[in-house]
């Protein structure tokens with residue numbers, strides 16, 4: 001396998017990972033908001049202590065997931081950024097479709 005083919009493959013893999021983790025992060029953040037609303041509703045409605053406690057535990061677990069995914073997303077973005085920087089040294093790849101897609105994904109997930 002040539003270096004160019006391997007580089008294209010790595011760009012595709014790393015950009016896919018970053019894109020997937022970004023979507024996962026957004027999903028968990030939305031879920032965290034939903035869990036917070038649910039917990040507040042339980043408290044306001046005077047629900048049973050078990051329901052409130054369980055909703056609180058679910059919210060805490062979700063916060064841990066958000067933090068974990070954020071860390072993994074940061075690492076994936078850094079890996080993709082480093083790969084793009086090293087790929088720029090190869091003039092053949094800078095106009096390649098996978099390279100351009102990877103740059104676009106990096107820009108969209110680095111918001």
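Bear in mind these aren't lab numbers, they're just calculated from the coordinates by the rules spelled out. In this text, all values refer to a predicted model and were calculated from it rather than measured experimentally. For neighbour counting, all protein chains shown are included, and Cβ atoms are generated from backbone atoms with ideal geometry for every residue, glycine included.
Miscellaneous remarks
- Number of residues in segment 22-42 that are touching a helix residue (DSSP H, G or I) at 6+ places or on another chain (Cβ under 6 Å) and farther than 30 Å from residue 76 by Cα: the value is 3.
- Hits in segment 10-56 - residues which are more than 19 Å from the chain's Cα centre (by Cα) and in contact (Cβ under 8 Å) with a residue 12 or more places away in the chain: 35, 36, 38, 39, 42, 52, 55, 56
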